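What follows is calculated from the coordinates using simple rules that are stated; it is not laboratory data. Note that the coordinates shown come from a computational prediction; the quantities given were computed from them, not determined experimentally. No Cβ is skipped: glycine too gets one built from the backbone with ideal geometry, and neighbour counts run over all protein chains shown.
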Amino acid sequence: MSGDVEDILREAEDLYTSGERERAYGMLRYALKGRPVEERFRILRKIAEWLSSEARWDELEEVLREMMNLAGDDVKKRINVLLSYANMHWHLGDLEKEMEYLMEAGTLVDELEDEDLQEAIYSRLATMYSDLGDWDRAMEMYRAALRLAKDDNVKAVLYNNMGEVLKKTGNLIGAVGYYRKSLEMAERADNERAMGFALENLAECHAMLGDAGDAEKYADRAMEIFRKLNNYRMIAATEAAYGMIYAARGEVDKAEEKFRNSYNMFVERGLRMDACETLYLWAKSLRDAGVIERAREKYMEAAECYESIEAHAVAENIRKEVSEL
């Protein structure tokens with residue numbers, strides 16, 4: 001397929017977001033033939049982005065191998081692939097492998113003194129520290145990344161992730177402020193995916209604050225975006241947000257059904273980190289609804305889940321919550 005790579009990527013993206021996903025994949029695969037390395041790498045990066053959003057891990061790993069082979073001695077390209085590997089292992093709940101890839105990428109970044117790549121490393125490290133329950137270190141890394149960020153798309157992600165840290169530590173009002181800032185950046189950049197993330201998190205926070213009405217409005221907007229984008233992981237996450245909304249209304253049976261849907265979706269695709277978080281949100285929502293014994297069961301399941309992925313500090317914090325019930 002001849003033609004400018006920018007036009008091809010734009011046309012493929014239009015096909016993908018309109019629901020013709022396999023046709024979009026086919027178009028990009030065909031476009032790989034006979035192109036220079038730089039263009040092939042960009043096309044594969046777009047394919048990798050789609051596969052990650054759909055949690056198609058085996059196919060993603062094959063594409064990342066292709067990308068690493070293309071990267072050769074190009075340090076920037078190798079770093080980008082290593083970060084994608086780290087992100088994949090984060091989704092799969094393998095924090096040890098994530099750390100290995102991040103450390104290798106970090107060593108290469110030090111050689112380049114490239115601010116954009118330094119920002120990406122700081123951001124991934126921050127996410128890892130957050131998952132390990134080291135909230136202060138996570139915020140330190142996110143702030144370092146934000147100081148280097150130049151693009152509104154990147155800032156939208158960072159503000160969203162900073163909100164995540166505050167939400168996990170119970171500072172819901174502070175979290176809402178970061179999520180609103182994320183939504184503002186995403187709207188300014190016309191980034192639907194980032195908008196969806198901010199909206200889903202706003203839905204969770206408002207549900208936790210007892211504002212089920214606004215929470216549902218945010219969740220509906222998020223679900224509309226994620227269904228349009230076919231983002232499997234975030235469709236599952238928004239199911240959990242609806243669980244929180246039903247729990248806030250006292251509709252416990254409906255809440256449990258939504259949480260169960262979310263958890264099963266994550267388990268089906270091997271998304272262990274997300275499955276653990278759903279169990280934790282499930283437990284908190286039951287606790288807030290006054291269903292204490294059932295909440296205790298889910299807290300313990302969540303703690304065991306986090307232990308299974310070596311997130312021991314998070315598991316310990318959950319057990320402390322259980323002891324206070």
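Quick rundown of the values:
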item	result
Under 11 Å from the Asn153 label point (7 Å along Cα→beta-carbon), backbone N, segment 17-56	46
For segment 271-325: rounded, prolate or oblate by the Cα gyration tensor [a/c cutoff 1.5]	oblate
Area projected by the alpha carbon convex hull of segment 68-170, averaged over all directions, nm²	6.5
Label-point separation in nm, Tyr30 to Arg65, each point 7 Å along Cα→Cβ	2.6
In degrees, nearest ten, helix 152-168 long axis to first principal axis of the chain (Cα)	30
Degrees, to the nearest 10: 21-31 long Cα axis against longest axis of the chain	30
Extension gain (nm, one decimal) between His312 and Glu49, 0.36 nm per residue minus Cα-Cα	91.7 nm
Qualifying aspartates and glutamates (Cα of each under 19 Å from Cα of Lys217; at least 8 residues distant if same chain)	Glu184, Glu187, Glu192, Glu200, Glu204, Glu239, Glu251
Inverse mean reciprocal Cα-Cα distance (Kirkwood Rh) of segment 15-77, Å	12.2
GNM flexibility winner over the chain from Gly250, Gly72, Gly93 (Cα, springs under 10 Å)	Gly72
Computed [θ] at 222 nm, helices only, for the chain once each DSSP H run of length n ≥ 4 contributes -39500 (n - 2.57)	-27500 deg cm²/dmol
Full-extension gain in nm, Val37 to Leu108, via 0.36 nm per residue minus C-alpha separation	23.5 nm
When segment 166-325 is reduced to its Cα atoms, the Kirkwood hydrodynamic radius in Å	15.7
Fraction in percent of alpha-carbon pairs per bin - 10 Å, segment 107-239	14, 40, 35, 10, 2, 0
Relative frequency of Cα-Cα separations exceeding 18 Å in segment 228-304, percent	33
GluC sites (Glu not before Pro) within segment 66-151, DSSP loop, no more than 13 other Cβ atoms inside 10 Å	Glu113
Lys/Arg +1, Asp/Glu -1 at C-beta; the chain dipole; positive extreme among Met208, Ser323, Leu64	Met208
Listed residue pairs exceeding 28 Å between alpha carbons, taken from Lys228/Lys254; Lys77/Lys150; Lys77/Lys155; Lys76/Lys155; Lys155/Lys258; Lys168/Lys298	Lys155/Lys258
The chain: angle of helix 252-268 to the longest principal axis, Cα-based, in degrees nearest 10	30
Kirkwood-type radius of the chain, with distances r between different C-alpha atoms, in Å	20.4
Estimated FRET transfer efficiency when R0 is 35 angstrom, pair Glu11-Val75 (beta carbons, to 0.05)	0.70
Burial ranking of peptide ranges 43-50, 238-245 (average Cβ count within 10 Å, highest at the top)	238-245, 43-50
Cubic angstrom per residue, convex hull over Cα atoms of segment 1-140	123
Lone cysteines, the chain (no partner Cβ under 4.7 Å)	Cys205
D_trans [Stokes-Einstein, Kirkwood Rh over alpha-carbon pairs] for segment 126-203, 25 °C, 0.890 mPa s, µm² s⁻¹	203
